[in-house]
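Asks: Following this message is one structure expressed as structure tokens.
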Amino acid sequence: MNKDYNIREQLQIFVRRYGLLNAACCDECCGEQVSMVQSHILFEVRRLDSPSMQRVSDELGIDITTFSRQVKGLEGKGLVARRVSPDDRRVTLLALTAEGRVVLDKIDRYMAERLERIFGQMSLFERETVVRSLGLLNEAIARSDQGGTIACCK
């Protein structure tokens, strides 16, 4: 078995075990009908602090049409709000609503508990090694000529 196959195998297993293929990921953790994509949108809106729709769409690698539909769903659930940028009326900014912050806090707590159970199986050195390695992997992906992703379909 070649080394590249082992890397892919480990990444595929990680994606499955992390639950990235679970379409209804947030039913279990926050009791909301929030998809995995919508969970990522909420996270990025908070992380980027009232970003434009285009910036979050680019950050997540989602085409703007699909992204817009997802935001509309989040808006319908009362989790995000859109507003026109005061600097450029062509730009739409996103912000979490109070309910959106509550839902994201629930997701955060759930993920923190799950990650602690996983990382609790490791020594401090192993934890630091994993976190450092993930950072290196993310940086290498971002610097590659593949547009910041490694998936075969974008």
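Since every read-out is calculated from the coordinates, none of them should be taken as a lab result. Bear in mind the structure is a predicted one, so any value in this text is a computation, not a measurement.
Asks: Each residue of the range 113-124 in order: what ³J(HN,Hα) in whole Hz does its phi give by Karplus 6.51 cos²θ - 1.76 cosθ + 1.60, θ = phi - 60°, with x for Gly and Pro?
Replies: Those phi angles translate into 5, 5, 5, 5, 5, 6, 5, x, 7, 10, 6, 4 Hz.
Asks: Residue-wise, which Karplus ³J(HN,Hα) couplings in Hz belong to the range 93-98, taking 6.51 cos²θ - 1.76 cosθ + 1.60, θ = phi - 60°, and x for glycine or proline?
Replies: Each residue's phi maps through the Karplus curve to give 9, 10, 8, 6, 7, 4 Hz.
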